[in-house]
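Engineer: A single structure is presented below for examination.
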Amino acid sequence: MAQNQTDVIKELQNYKETLWMNPNYQTESAETEFKNKLSPEKIEEARQRLLRFAPYLIEQFPETKATNGLVESPLWPIPKMKKALEHLNSAAIAGDVFIKLDSQLAIAGSVKGRGGVYEVLTLAERIALENGLLSPDDDYQKLADSKIKEVFNQYTIQVGSTGNLGLSIGIISAKIGFKVIVHMSSDAKEWKKQLLREKDVHVIEYENDYSEAVEAGRKQSDADPKSYFIDDENSVDLFLGYATAASYLQKQLEDANIEVSEAKPLFVYLPCGVGGAPGGITYGLKQIFGDHVHCFFIEPTKAPCMLLGMATEKHDKVSIQDYGIDGRTAADGLAVGRPSSFIGKVMTPLLSGVFTVEDSTLFYYLQTLYQSENVFIEPSAAAGFIGLLQQDNSRFQTYIHKQNLQNKMNDATHIIWATGGRLVPNEERDRYLKMS
Ligand SMILES: *Cc1c(COP(=O)(O)O)cnc(C)c1O
């Protein structure tokens with residue numbers, strides 16, 4: 001491994017905030033096996049499927065009315081936050097700053113509403129078609145009929161989760177009529193388990209981390225022929241659900257007259273756990289904006305599994321524990337010890353780099369955002385802001401020069417992908433806002 005790669009790994013082991021630039025980043029994305037498997041047509045197919053379900057979702061979740069039955073979020077400029085960060089850090093931020101408010105997503109209140117809802121709807125459609133209960137031209141509102149729900153109720157959906165995926169899968173599955181079991185890791189917050197139990201979701205708790213919850217869930221599901229296991233570490237459907245975010249964002253940018261071009265680069269900062277959400281979104285963005293978009297993942301200093309997987313090129317064959325990193329972070333959505341089996345490989349030519357961020361920094365961003373823009377997000381969702389404050393970082397600067405962007409940064413657009421927060425209970429919010 002090159003010297004700068006080993007330097008980064010040392011910084012990770014010392015829990016220092018760091019930046020890893022991807023040495024395998026390519027401007028003209030190479031043909032990879034996944035590129036063939038996950039073509040743009042697949043993303044379009046996913047988008048069409050979500051459009052078919054839109055009338056059903058409007059009926060079942062009236063909160064989706066504003067987005068015409070899509071699980072989609074606003075894009076807001078946050079100039080006051082930009083100013084506050086510049087002031088507090090005595091550093092200028094070149095370019096305009098926007099926030100993508102997946103923190104307000106319908107159904108799940110987090111980015112998991114994209115992948116999780118999509119995968120469960122895909123299953124429901126397949127089961128309904130196989131049982132002759134639906135044809136693709138039907139109005140999907142009929143899926144709410146009690147006769148069809150009775151059929152769905154013969155099937156069980158199971159998932160392992162640190163919290164938010166469980167919320168997303170649990171809420172949509174229960175609404176469809178599926179039986180649903182959520183296997184929750186020890187990081188999962190009590191209120192998330194409670195909320196699910198109120199919706200008649202069966203929650204099983206585990207003493208250990210996410211991997212154990214996933215393993216147990218998979219085993220229990222495999223033993224039952226009418227049970228589906230939603231596999232956060234390997235699922236292509238989750239990935240496609242996330243990838244549909246890109247075309248909606250493209251339209252939002254156009255509507256706001258924000259140009260993305262060689263002269264006006266787009267930077268996107270995505271919090272990363274197992275990698276599915278940021279990986280799917282990045283994949284979609286790269287299909288649309290190509291070399292004009294620069295995507296970065298952000299992980300907690302205590303759980304940098306994707307960075308380790310990509311830097312060592314061992315992907316899911318490596319865990320943070322192998323490097324003595326303990327995984328204890330308040331960013332529960334990102335508290336993952338081992339990355340997805342395929343995201344890191346798909347990201348190898350596409351991802352610009354990975355930042356790590358300390359928990360105390362997350363609370364500082366969360367509070368500054370609330371004070372400056374009156375927007376509340378959860379700790380995991382605040383990770384992206386660190387990308388704005390590293391413009392002077394020498395590794396970042398090397399990239400900027402290599403991509404010939406040094407004279408374009410004042411015309412850049414930065415998007416902080418805020419991945420969750422709407423369902424956080426008030427007492428918890430108050431606690432986060434006071435935390436130092
Ligand atoms: C799950 C989650 C992420 C990251 O998604 P992965 O697919 O695990 O990488 C980011 N933010 C929040 C709030 C999440 O719940």
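Engineer: Taking the Cα centre of the chain as origin, sum charge times position over the Cβ atoms of Lys and Arg (+1) and Asp and Glu (-1), and report the length of that vector in debye to the nearest 20.
Structural biologist: 300
Engineer: Neighbouring Cβ atoms within 10 Å as the yardstick, rank HIS315, HIS401 fewest first.
Structural biologist: Ranked by crowding around the Cβ, least crowded first: HIS401, HIS315.
Engineer: Further, regarding this structure: Would you mind counting up the charge near LYS302? Only other residues with Cβ under 10 Å from its Cβ, with Lys and Arg at +1 and Asp and Glu at -1.
Structural biologist: So the surrounding residues net to -3.
Engineer: Additional query: Let me have the 222 nm mean residue ellipticity of the chain computed from DSSP H runs of 4+ only, each contributing -39500 (n - 2.57), with the sum over all residues rounded to the nearest 500.
Structural biologist: Per the formula, -13000 deg cm²/dmol.
Engineer: Now, a different point. Can you give me the C-alpha center-to-center distance between region 212-251 and region 50-127, rounded to a whole angstrom?
Structural biologist: Region 212-251 and region 50-127 have Cα centres spaced 19 Å from each other.
Engineer: How far, in degrees from 0 to 90, does helix 40-60 lean away from the longest principal axis of the Cα atoms of the chain, to the nearest 10?
Structural biologist: It works out to around 60 degrees.
Engineer: Positive end of the dipole of region 1-160, charges at C-beta (+1 Lys, Arg; -1 Asp, Glu), about the Cα centre: which of TYR140, PRO74, PHE152 has its Cα farthest in that direction?
Structural biologist: Going by the charge dipole, the pick is PRO74.
Engineer: Evaluate the relative contact order of the chain (contact order divided by residue number), counting alpha-carbon pairs under 8 angstrom at least 6 apart; express in whole percent.
Structural biologist: With pairs under 8 Å counted, the relative contact order is 22 percent.
Engineer: How far is helix 112-130 tilted, in degrees, relative to the longest principal axis of the Cα atoms in the chain, given as a value from 0 to 90 rounded to the nearest 10?
Structural biologist: So the helix axis and the longest Cα principal axis differ by about 30 degrees.
Engineer: Based on the Cβ-Cβ distance of GLU45 and SER436, what FRET efficiency does E = 1/(1 + (r/R0)^6) give at R0 = 56 Å, to the nearest 0.05?
Structural biologist: 0.75
Engineer: A further question on this structure: Which of SER247, ALA223, ASN257 sits closest to the plus end of the dipole of region 177-265, meaning its Cα is farthest towards the positive end, when Lys and Arg get +1 and Asp and Glu get -1 on the C-beta?
Structural biologist: Looking along the dipole axis, the top candidate is ALA223.
Engineer: Taking the chain as the reference, fit the longest principal axis to its C-alpha atoms, fit the long axis of helix 3-13 to the helix C-alpha atoms, and give the angle between the two in degrees, 0 to 90, nearest 10.
Structural biologist: The helix 3-13 is inclined about 60 degrees to the chain.
Engineer: Hey, fewest Cβ within 10 Å first, where do ASP96, ASP430 land in order?
Structural biologist: ASP430, ASP96
Engineer: If you keep only loop residues by DSSP, which trypsin sites (Lys or Arg not before Pro) in region 214-320 have at most 13 other Cβ atoms within 10 Å of their Cβ?
Structural biologist: Those satisfying the criteria are LYS226.
Engineer: Another question, if that's okay. Quote to one decimal, in nm, the extra length available between SER360 and LEU129 on full extension: 0.36 nm per residue of separation minus the C-alpha distance between them.
Structural biologist: Gain on extension, SER360 to LEU129, equals 78.2 nm.
Engineer: In addition: How many angstrom lie between the C-alpha centres of region 357-388 and region 411-426?
Structural biologist: About 9 Å separates the Cα centre of region 357-388 from the one of region 411-426.
Engineer: Please report the relative contact order for region 111-234, taking Cα pairs under 8 Å with a sequence separation of at least 6, and give it as a percent rounded to a whole number.
Structural biologist: Reported relative contact order: 25 percent.
Engineer: So if each residue of separation counts as 0.36 nm, and I subtract the Cα-Cα distance between ASP411 and GLU59, what length gain in nm does that give?
Structural biologist: Separation in residues times 0.36 nm, less the Cα-Cα distance, equals 122.5 nm.
Engineer: Turning to a different aspect of this structure: Simple spin-label model, 7 Å along Cα-to-Cβ: ASN257 to ARG197 in nm?
Structural biologist: 5.4
Engineer: Right, next: Of the candidates GLY387, GLY95, GLY273, which one comes out as most mobile in a Gaussian network treatment of the chain with C-alpha springs shorter than 10 Å?
Structural biologist: GLY95
Engineer: Which value, in debye to the nearest 20, describes the size of the charge dipole of region 166-297 about its Cα centre when Lys and Arg Cβ atoms bear +1, Asp and Glu Cβ atoms bear -1, and nothing else is charged?
Structural biologist: Using only the charged Cβ atoms, the result is roughly 420 debye.
Engineer: Rg and Dmax of region 111-234, Cα atoms, in Å?
Structural biologist: Spelled out, the Cα radius of gyration and Dmax of region 111-234 are 14.3, 46 Å.
Engineer: As a test of understanding, state the convex hull volume per residue of the chain from its alpha carbons, in Å³.
Structural biologist: Taking the convex hull of the Cα positions in the chain, it is 135 Å³ per residue.
Engineer: Each label point is 7 Å from the Cα along the Cα-to-Cβ direction; what then is the distance between the points at GLU86 and LYS402, in nm?
Structural biologist: That separation, rounded to one decimal, is 2.9 nm.
Engineer: Once the cut-off is 21 Å, how many percent of the Cα-Cα pairs in region 147-211 end up in the long-distance tail?
Structural biologist: The share of Cα pairs beyond 21 Å in region 147-211 comes to 19 percent.
Engineer: Additional query: Of HIS294, HIS183, how do they rank once you tally other Cβ atoms within 10 Å and put the fewest first?
Structural biologist: HIS294, HIS183
Engineer: What FRET efficiency comes out for LYS149 versus SER341 if R0 is 41 angstrom and r is the Cβ-Cβ distance? Round to the nearest 0.05.
Structural biologist: Using R0 = 41 Å, I get an efficiency of 0.75.
Engineer: Could you quote the convex hull projected area for region 1-122, Cα atoms only and averaged over all directions, in nm²?
Structural biologist: Mean projected area for region 1-122: 12.1 nm², to one decimal.
Engineer: For every other residue with a beta carbon closer than 15 angstrom to the beta carbon of ARG47, add +1 if it is Lys or Arg and -1 if Asp or Glu, then tell me the sum.
Structural biologist: Charge balance near ARG47 sits at -2.
Engineer: Would you mind checking the pairs LYS10/LYS345; LYS226/LYS286; LYS189/LYS251; LYS100/LYS402 and listing those with alpha carbons more than 25 angstrom apart?
Structural biologist: Those over the limit are LYS226/LYS286; LYS189/LYS251; LYS100/LYS402.
Engineer: Report the charge-dipole magnitude of region 111-234 in Debye, nearest 20, computed about the Cα centre from +1 at each Lys and Arg Cβ and -1 at each Asp and Glu Cβ.
Structural biologist: Roughly 380 debye, rounded to the nearest 20.
Engineer: How much net charge surrounds ALA412 when only other residues with a Cβ under 9 Å from its Cβ are counted (Lys, Arg +1; Asp, Glu -1)?
Structural biologist: After counting each charged neighbour, the total is 0.
Where a number appears in this text, it was derived from the coordinates with a stated rule and is not lab data. Computed from a predicted model, the values in this text were never measured in an experiment. Cβ: placed from backbone, ideal geometry, glycine included. Neighbour counts: every protein chain shown.
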